[in-house]
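Input: a single structure, listed below in structure tokens.
The values are calculated or read from the model by the stated rules, or taken from the named source; none is laboratory data. Keep in mind it's a predicted model, so treat the numbers as computed, not measured. For neighbour counting, all protein chains shown are included, and Cβ atoms are generated from backbone atoms with ideal geometry for every residue, glycine included.
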Amino acid sequence: MLCNLPLGPLSGPGAFADLLLSSFAFFPSVVSELEDFTGIELGYEQTGALRTVSNPKRIPNLEKRMADWQPLGLKMQWLNGDEARQIEPVLSPEVCAAIYAPEEAQIKAPQTVKAFSQAATKLGAKIYSYKEVVGIQQDKDKVTGINTAEGDTFTCNHLILTTGAWTGLYKDWFDITLPVNPIRGQILSLKQPDSSLQHIVFGGSVYLAPRNGTIIVGATKEDVGFDVKVTDKGISWLNHAAMKIVPTLKESQVERAWAGHRPKTPDKHPILGVAPDWKNVTLAVGHNSVGIILSAITGQAIAKLVTTHEVPAVIQPFSLSRFSSDNDNNEEPFQITAKSQ
């Protein structure tokens with residue numbers, strides 16, 4: 001699985017852009033440090049990305065996105081269809097416009113997680129895999145321990161909740177609202193055709209990312225709870241959308257398909273900071289589709305919060321307090337949709 005960085009979720013300047021771009025700028029040094037420390041190759045590569053449209057009626061939408069992104073300071077270039085095909089010849093003749101962002105990158109997500117884990121272990125952390133936490137122990141407004149399904153109890157000086165798509169299940173433990181829901185994303189891997197794709201390409205509500213003789217195509221966005229099945233409908237939709245952008249993929253074999261959960265919040269931004277009414281509980285949840293890219297800044301900021309009891313400015317806008325009871329139920333579910341481009 002690959003992680004693509006970082007323009008997609010940005011709508012323009014603001015607190016979220018500051019958070020995401022700070023982590024993006026920080027990422028190369030984190031990658032270098034992790035690779036040197038663990039010996040694990042993370043596959044970080046600035047391949048550049050093209051965001052394409054194939055329907056001339058949608059060109060104004062793409063122009064607006066570029067106008068929103070330009071103040072962020074990232075390199076980008078507007079291309080007509082022919083110019084886009086000069087950069088990426090396998091694009092469909094129907095592609096009529098594109099934004100080219102040469103700084104966008106990708107990284108191997110599983111290798112990144114493995115490297116963080118190994119680095120933490122080398123520095124003294126103890127990681128207990130496949131231990132289900134079933135409850136907490138508390139003394140008034142402090143968590144004193146956690147209980148596992150196997151009957152173990154671990155004492156706790158400070159609890160950092162990093163439970164991803166499952167976060168909403170634990171709201172009763174802390175008597176607070178935790179508005180995080182799972183969104184299923186199906187992904188497939190296609191064999192790279194003879195005329196190979198060189199860049200990350202976005203279009204038709206999907207992305208295509210080349211890597212080591214394959215093309216990763218993702219991803220559906222489905223509000224189906226914790227169902228993680230791969231479906232014929234989802235894979236067919238991904239395959240069809242990919243072939244519309246790169247027609248030579250009609251000859252490509254599906255090598256593999258899988259699904260996972262994204263942790264979605266109502267505003268699609270993470271929840272970072274102290275848990276209300278608790279002295280030693282910190283939240284780092286709800287990263288939606290940008291968990292890997294935000295891992296660098298999240299780790300740095302949460303570590304500073306826990307050790308200094310000061311909330312870094314970059315995460316202050318993302319406290320749980322921004323969600324009131326009035327808007328907890330205002331979110332709209334994601335569905336599989338194929339937008340015409």
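The table for this structure:
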item: Exclusive hit being surrounded by fewer than 19 Cβ atoms within 10 Å (Cβ to Cβ) and either over 19 Å from the mean Cα position of the chain (by Cα) or at negative phi (or both), set 234, 218, 225, 260; result: 260
item: Any hit, the stretch 38-45, residues being farther than 30 Å from residue 124 by Cβ and modelled with pLDDT under 95; result: yes
item: Search result, residues across the stretch 246-282 that are touching a Ser or Thr at 6+ places or on another chain (Cβ under 6 Å) and closer than 30 Å to residue 84 by Cβ; result: 247, 248, 255, 256, 262
item: Flag for residue 302 being surrounded by 12 or more Cβ atoms within 10 Å (Cβ to Cβ), more than 15 Å from residue 266 (Cβ to Cβ), at pLDDT below 95 and under 21 Å from the mean Cα position of the chain (by Cα); result: no
item: Residue check for residue 99: at pLDDT 95 or above, under 23 Å from the mean Cα position of the chain (by Cα), of a type outside the set (Lys, Arg) and under 30 Å from residue 54 (Cα atoms); result: yes
item: Selection within the stretch 66-109 - basic (Lys, Arg) and surrounded by 16 or more Cβ atoms within 10 Å (Cβ to Cβ); result: 85, 108
item: Every residue from the stretch 45-63 that is of a type in the set (A, V, I, L, M) and assigned to a helix (DSSP H, G or I); result: 59, 62
item: Residue satisfying condition, being within 15 Å of the chain's Cα centre (by Cα) and under 27 Å from residue 176 (Cβ atoms), within set 269, 309; result: 269
item: Conditions (1) in contact with a helix residue (DSSP H, G or I) (Cβ under 8 Å, 6 or more places away or on another chain); (2) over 20 Å from residue 301 (Cβ atoms): number failed by residue 55; result: (1)
item: Lone qualifier among 34, 42 - being part of a loop (DSSP other than H, G, I, E, B), over 18 Å from residue 205 (Cα atoms), within 24 Å of the chain's Cα centre (by Cα) and in contact (Cβ under 8 Å) with a residue 60 or more places away in the chain; result: 42
item: Residue that is surrounded by fewer than 21 Cβ atoms within 10 Å (Cβ to Cβ), farther than 18 Å from residue 75 by Cβ and either touching a Gly at 6+ places or on another chain (Cβ under 9 Å) or at pLDDT below 90 (or both), where the choices are 54, 32; result: 54
item: Strands (runs of 3 or more DSSP E) completely within the stretch 144-207 that count 1 or more residues being surrounded by 15 or more Cβ atoms within 10 Å (Cβ to Cβ) and not small (Gly, Ala, Ser); result: 159-161, 181-191, 200-203
item: Residue selected from the stretch 12-29 under the condition farther than 20 Å from residue 268 by Cβ and within 19 Å of the chain's Cα centre (by Cα), by the criterion surrounded by the most Cβ atoms within 10 Å (Cβ to Cβ); result: 27
item: Condition met for residue 129 (at pLDDT below 95 and assigned to a loop (DSSP other than H, G, I, E, B)); result: yes
item: Matching residues in the stretch 122-137 - criterion: being under 12 Å from residue 150 (Cβ atoms) and within 26 Å of the chain's Cα centre (by Cα); result: 128, 130, 131, 132, 133
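Yes/no matrix, rows are residues, columns are (1) touching a strand residue (DSSP E or B) at 6+ places or on another chain (Cβ under 8 Å); (2) modelled with pLDDT of 95 or more; (3) among the small types (Gly, Ala, Ser):
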| residue | (1), (2), (3) |
| --- | --- |
| 69 | yes, no, no |
| 75 | yes, no, no |
| 78 | yes, yes, no |
| 94 | no, yes, no |
| 118 | no, yes, no |
| 123 | no, yes, no |
